[in-house]
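Before any comments, here is the structure.
Taken together, the values in this text are just the output of simple stated rules run on the coordinates, not laboratory data. Quick caveat, the model's predicted, so the values are computed rather than measured. Note that each Cβ is placed from the backbone with ideal geometry, even for glycine, and that neighbours are counted across all protein chains shown.
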Amino acid sequence: MASNNSILSVQEEQRLLAPIDAYVGEIQQKINALRADGTDKVTALNNHMAIVKENANYTKGEKAAIIEEDKAALAKAKAVEEANKGEIKSLIADAVQYLNTHYDAEYYNPIDASCKAQKEEEDRRYKAELAELKSEHEATLAKLKDQGEIKDEKYVFKNRQFDAKLKHDATLQEIKDRRHEAFSHRYHLIDLLRLSHFTFAEKQKQKWEAYKYTFNVKQFFLTNGLYIAIVCVFILLCILAPVVKHTQLLTLNNILNILQAASPRMFLALGVGGLILLGGTDLSVGRMVGTSMVLATMIMHKGVNTGALFGHVFDFTALPVGVRVVLALVVCCCVTTAFTTFAGFFTARFKIHPFISTMANMLIMFGLMTFATKGVSFGAIEMTIPRMIIPKIGKFPTIILWAVAAIAIMYFVWNKTTLGKNMYAVGGNAEAAAVSGISVFRVTITAFAIAGVLYGFGAWLECIRMVGSGSASYGQGWETDAIAACVVGGISFNGGIGKIQGIVVGVLIFTALTYSLTVLGVDTNLQFVFSGIIILAAVTIDCLKYVQKK
């Protein structure tokens, strides 16, 4: 058990740090002197030229003259920077080597030990205080006979316990802050030396420290509890599969099958994820798939179509197979985009909730396609098409690569474009976004249009994966899977919160769960029960997080 002697005072901590700061500070002064006419001047001149270019008070000729003068000075500064680069690098290496040798041993480790000892002492003090409070409370209760006074005493006792807990938590946080500041100071010095350039290992150490510093058990389970529960269910299914069905779930073939089945669904989830990010949803996803399956199968059908559309039998066999494949994709994307834009217009223009506008879409599309096809399936597509578009390389299904490409593109859109930033802004607070100059109407319409393209592409891939089977009823329930994948992946129904990575995880979780339940022979209708429970749990957790932030 640590003694009080191992707890350092503030003055003792400063004495331990002083020689380290002095050594590195002396090197930093040398580096600053070398950078003054080099790196610092280069940065200042670049900033000055950027300001001059934007300054409307200068004429075109004045701008050109100033920039020309700055460029001449910049060339000299870069020459100085290049000349001093070797010496600066050597000085930085010396300082970093000194930190690696001395910082932990002479400063951080004693601080860490001091914090641990102080925490142990604080825990003992807190336990003793609670015991004393309890003893005083029991002694006071023994003297009281009036029920009102007893009730008041119990209330006072709870308040005193609460105050003690607040004081204890505050002290523990101070100790935690001391240790964290001691850890961070090293990287503050490196930051000054290298101008915010860190090695990969240094970045990972800082991330891990930040995670430990901000870790909260309640918040952890609130954020990850559903994932943990689903993983536990999946592990249980993996255990049951050999017993019930005499088969293994975690095989390479099953994993590839799950990824293959998840690929078209990834497009749908990425589309609806953008709408949920805006604070909406889309109930027409399944009908988008059904409509696209009919159209794609009709165009890519082997021979004359066996089914009719509005009483007309189409024949696209005169076109080359490659042309039919592209035509099917274009038609699917155009039709789905037209319908999503239609719903998006009513949502953006008349403030109709997406639940209503997309439900109307769902009914219109299902009614039209069922009436047009009389419920007849269009059969199979040309057998050469799957081998052409999604061939297998050994056992690997290349349809997965289409999904990876979609994920990469949407990640770029969400995180690296103005549209993505505007989507987060509109989803977080549409009124504030409008006041800041963002066109809420345009962002909403664009998000719906992108969703339409993704729906059409995903349905086209599904048609090729399933070798046709075009039917208006195909895709039933897919909207719940897409929405569930998004909410499980952390796309908040409150809007403005979510990541593409979450959608990917959500799709994989749901596809794996559905596949596992199918392998175990669980009825398809019962699988909807699992989906419903997961959606309810995910949205409940999301609401709890939102309330906690409020």
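Taking other C-beta atoms within 10 angstrom as a stand-in for reagent exposure, R287, R15, R125 fall in the order R15, R125, R287, fewest first.
Can you tally the net charge around N415? Count Lys and Arg as +1, Asp and Glu as -1, for every other residue whose Cβ sits under 10 Å from the Cβ of N415. Net of charged neighbours comes to +3. Look at the dipole of the chain built from charges on Cβ: of V487, G286, I509, the Cα furthest out on the positive end belongs to G286. Here is how the number arises for the chain: DSSP H runs of 4 or more residues each give -39500 (n - 2.57), the sum is divided by the residue count, and the result at 222 nm is -27500 deg cm²/dmol. Over all other residues within a Cβ to Cβ distance under 12 Å of I20, the charged ones net out to -3, with Lys and Arg as +1 and Asp and Glu as -1.
Pairs exceeding 20 Å between alpha-carbon atoms, taken from K119/K158; K165/K218; K41/K78; K41/K85; K212/K416: K119/K158; K212/K416. Under the shape rule built on the C-alpha gyration tensor, where the axes satisfy a ≥ b ≥ c, region 435-540 is oblate, since a/c reaches at least 1.5 while a/b does not exceed b/c. Modelled spin-label separation between L256 and K30, with each label point placed 7 Å from Cα along the Cα-to-Cβ direction: 6.0 nm. With contacts taken as Cα pairs under 8 Å at a separation of at least 6 residues, region 263-505 carries a relative contact order of 42 percent. The stretch between V313 and I400 holds 27.9 nm of extra length on full extension. This uses 0.36 nm per residue minus the Cα-Cα distance.
Here each label is just a point 7 Å from Cα along the line to Cβ, and for I393 and A93 those points are 4.1 nm apart. With the convex hull of the Cα atoms taken as the outline of region 263-505, the averaged projected area works out to 12.7 nm².
In this structure, the amide hydrogen of L309, modeled 1.01 Å from its nitrogen in the peptide plane, lies closer than 5 angstrom to those of F314, counting only residues at least 5 positions away or on a different chain. Semi-axes of the equivalent ellipsoid for region 4-215, computed as √(5λ) from the eigenvalues of its C-alpha gyration tensor and ordered from largest down, come to 58, 25, 12 Å. By other beta-carbon atoms within 10 Å, ranking E431, E479, E106 with the fewest at the front produces E431, E106, E479. Averaging the sequence gap over all C-alpha pairs within less than 8 Å and six or more residues apart, then dividing by the number of residues, gives the chain a relative contact order of 18 percent. Note: relative contact order over region 4-215, using C-alpha pairs below 8 Å and six or more positions apart, is 27 percent.
Annotation: the residues T317, T337, T358, T291, sorted from fewest to most other C-beta atoms within 10 Å of their own C-beta, follow the order T317, T337, T291, T358. Three principal axis extents describe the C-alpha atoms of region 31-141; from largest down they are 90, 41, 13 Å.
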